[in-house]
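Chemist: One structure, as structure tokens, below. Some questions next.
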Amino acid sequence: MKYMLIWRATDEAYAGMAGADFTEMIEKVGRFNQEMIQAGVLLAAEGLDDASEGVVVDHSAEPPVVTDGPYGETKELFGGFYILGVASKQEAVEWAKRAPITGPGFKTEIRRVTTIDEFPQDNEWIQKERAWREATGQL
């Protein structure tokens, strides 16, 4: 099964990292990544740019409204994610507990990633997506 670990932090937690040694943080994260690679569970991992560089497309109106970051109502921002291939949710939880960047305001959200096999296979759009995934080596 695939699970996504989503790193989240409050503005205060991010601000507290401002003085941290970047090289030391990279080492901590690098060691954690290496453990997951050696265990054979890491499928993908990416960090996200600062929220102030992002935009939100709000579909509540027509046409959709595009707003530049930062986002005033956001209490926790996503900072990055991992995709793990593990046997269970509990195994994903155990990896999340070992996250190298911790402290007040830091959280890891865990969500199962659904697969194309869970959708109706006789659906035309699912068949097209399956063909695309097969052609690009994703299946």
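Chemist: How many percent of the accessible area of segment 45-121 is carbon or sulfur, using a 1.4 Å probe?
Modeler: C and S fraction of accessible area: 54 percent.
Chemist: Something else: Work through the residues other than Phe119 whose Cβ is under 13 Å from its Cβ and net out their charges, Lys, Arg +1 and Asp, Glu -1. Can you show the working numbers first?
Modeler: Working: positive: Lys128, Arg130, Arg133; negative: Asp117, Glu118, Asp122, Glu124, Glu129.
Surrounding charge for Phe119 is -2.
Chemist: How much FRET efficiency would the formula 1/(1 + (r/R0)^6) give for Phe22 and Arg111, where r is the Cβ-Cβ distance and R0 is 25 Å, rounded to 0.05?
Modeler: That pair, Phe22 with Arg111, gives E of 0.30.
Chemist: Rounded, prolate or oblate, given the Cα gyration tensor of segment 66-131, with a/c below 1.5 counting as rounded?
Modeler: Oblate shape, in that a/c is at least 1.5 and b/c is the bigger or equal ratio.
Chemist: Then there's this: Can you list which of the chymotrypsin sites (Phe, Trp or Tyr not before Pro) found in segment 9-116 are DSSP loop residues with at most 16 other C-beta atoms within 10 Å?
Modeler: When the chymotrypsin sites (Phe, Trp or Tyr not before Pro) of segment 9-116 are filtered for loop state and at most 16 Cβ neighbours within 10 Å, Tyr71 remain.
Chemist: Hey, another quick one. Indicate the gyration tensor shape class of the chain (rounded, prolate or oblate), computed on the Cα atoms with a ≥ b ≥ c the square roots of the eigenvalues: a/c under 1.5 is rounded; otherwise a/b larger than b/c is prolate and the rest oblate.
Modeler: Working: a/c = 2.26, a/b = 1.19, b/c = 1.90.
Verdict is oblate for the chain.
Chemist: Another question, then. Give me the lysines in straight-line cross-link reach of Lys89: C-alpha distance below 29 Å, same-chain residues under 8 apart excluded.
Modeler: Leaving aside lysines fewer than 8 places away in the same chain, those within reach of Lys89 are Lys2, Lys28, Lys75, Lys97, Lys107.
Chemist: To continue, here is another question. Find the accessible area per residue for the chain; the probe is 1.4 Å, ligands and nucleic acids are left out, and the unit is Å².
Modeler: 70 Å²
The values are calculated or read from the model by the stated rules, or taken from the named source; none is laboratory data. Model, not experiment: these values are computed from the prediction. Positions of Cβ are backbone-derived with ideal geometry, glycine not excepted, and every protein chain shown enters the neighbour counts. Note: areas computed on protein heavy atoms with side chains; ligands, DNA, RNA excluded. Shrake-Rupley method; radii C 1.70, N 1.55, O 1.52, S 1.80 Å.
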